[in-house]
Amino acid sequence: MTLETDLRHALDRQDFIIYYQPIMDILNGDRLVGFEALVRWQHPTRGIVSPMDFVPIAEETGLIVALDSWVFNEACKQLAQWKIEFPDTSSLKVSINLTAQDIRQPNFLANIDRTLAETGLDGKSITLEITESMLLDDIDTTIDLLTQVKSRNIQISIDDFGTGYSSLNYIHRLPADYLKIDRSFVNQIQEAKRNHQIVQTIIALSNQLELAVIAEGIETSEQLQILRDLDCEFGQGYLFSKPLSVQEIKEKFML
Ligand code: G
Ligand code: G
Ligand code: MN
Ligand code: NA
């Protein structure tokens, strides 16, 4: 069977699982602020398949819309559940990845509203991650949609910043809240002065645009220290934790 046929069946059977990677406030004592939801496919014969191997196929076939909508609903239900089970988690947020097709489909806002109603979550508990490449065509429609998302108190994060096509000419128009520095910049931050300067420049740009900064892919305490010295507010990476199952999150971060 091809991966595509498999993927259709997997959606019917809901053979997916969400892992959660902690996002920390790195300027105030490494405080947990939330999680990024990262989907995995529990394939009957191949085992756990990484989204890097199936998200591109899901995008080509349009299956991504159903998948992302499932992830959104599941991650919101999970967060709502944690908030009930563990009162300490009341301010935690969940961050969910989107692709271009998601925001183009007619039910996009209706699905969000349904999930908010079903879970009772406030929009402020949710962040949607978009990438620069999603912004390429029809920027006005995208801005309009994101503005409607924001009117639900949901926050917007620009993911993988610096790796896509430059959006510097319209980034100031986006109703975004966070900018995520791609891990390719973070993991070489000590290696070359140039990388350090790039990160410094991205942070300066974020300050100018009043976006909070999240550094991705922090793996060493040296990288963390440099980012702190540059006043980067949030961080995510293996130094804190890799993406974990619901059970592992509970054991490590909630009990
Ligand atoms: O943990 P990692 O291997 O999970 O993720 C690899 C890539 O897959 C990342 O670029 C991430 O943004 C993407 N990804 C992970 N989960 C999702 C998801 O639920 N939806 C979409 N569209 N992309 C995802
Ligand atoms: O593209 P996006 O930022 O959504 O994807 C997050 C991806 O980065 C996931 O595949 C996740 O597993 C991976 N990731 C998260 N932290 C680290 C890290 O510290 N090092 C590396 N190499 N990958 C990471
Ligand atoms: Mn992401
Ligand atoms: Na990213």
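The values are calculated or read from the model by the stated rules, or taken from the named source; none is laboratory data. All values reported here derive from a predicted model rather than from experimental measurement. Backbone-built Cβ (ideal geometry, glycine too); neighbour counts: all protein chains shown.
Is it the case that the range 13-25 has a residue that's more than 28 Å from residue 143 (Cα to Cα), at pLDDT below 95 and assigned to a helix (DSSP H, G or I)? Within the range 13-25 (the criterion being more than 28 Å from residue 143 (Cα to Cα), at pLDDT below 95 and assigned to a helix (DSSP H, G or I)), the answer is yes, since at least one residue qualifies. For the residues 213, 199, the requirement of being buried (at least 21 other Cβ atoms within 10 Å of the Cβ) and either assigned to a helix (DSSP H, G or I) or touching a residue at least 40 places away in the same chain (Cβ under 8 Å) (or both) singles out 199. When residue 248 is tested against the conditions (1) away from ligand 3 (no atom under 16 Å from the Cβ); (2) in contact with a strand residue (DSSP E or B) (Cβ under 6 Å, 6 or more places away or on another chain); (3) within 30 Å of residue 42 (Cα to Cα), the lone failure is (2). Output the residue which, of all residues in the range 103-129 that are modelled with pLDDT of 95 or more and charged (D, E, K, R), is nearest to ligand 3 (Cβ to nearest atom). Within the range 103-129, the match that is nearest to ligand 3 (Cβ to nearest atom) is 129. Looking across the range 175-196, the residues that are more than 16 Å from ligand 1 (Cβ to nearest atom) and either touching a residue at least 60 places away in the same chain (Cβ under 8 Å) or in contact with a strand residue (DSSP E or B) (Cβ under 7 Å, 6 or more places away or on another chain) (or both) come down to 175, 176, 177.
Conditions tested, residue by residue: (1) surrounded by fewer than 20 Cβ atoms within 10 Å (Cβ to Cβ); (2) under 30 Å from residue 106 (Cα atoms); (3) in contact with a strand residue (DSSP E or B) (Cβ under 7 Å, 6 or more places away or on another chain); (4) at pLDDT below 95.
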residue	(1), (2), (3), (4)
139	yes, yes, no, yes
154	no, yes, yes, no
168	yes, yes, no, yes
206	no, no, yes, no
224	no, no, yes, no
227	no, no, yes, no
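When 139, 130, 158 are screened for being farther than 18 Å from residue 73 by Cα, under 15 Å from the mean Cα position of the chain (by Cα) and of a type in the set (A, V, I, L, M, F, W, C), only 158 passes.
Among the numbered conditions (1) more than 15 Å from ligand 3 (Cβ to nearest atom); (2) of a type in the set (Asp, Glu); (3) touching a residue at least 60 places away in the same chain (Cβ under 8 Å); (4) in contact with a Ser or Thr (Cβ under 9 Å, 6 or more places away or on another chain), the only one that residue 159 does not meet is (1).
In the set (1) within 16 Å of ligand 4 (Cβ to nearest atom); (2) surrounded by fewer than 20 Cβ atoms within 10 Å (Cβ to Cβ), the condition left unmet by residue 40 is number (1).
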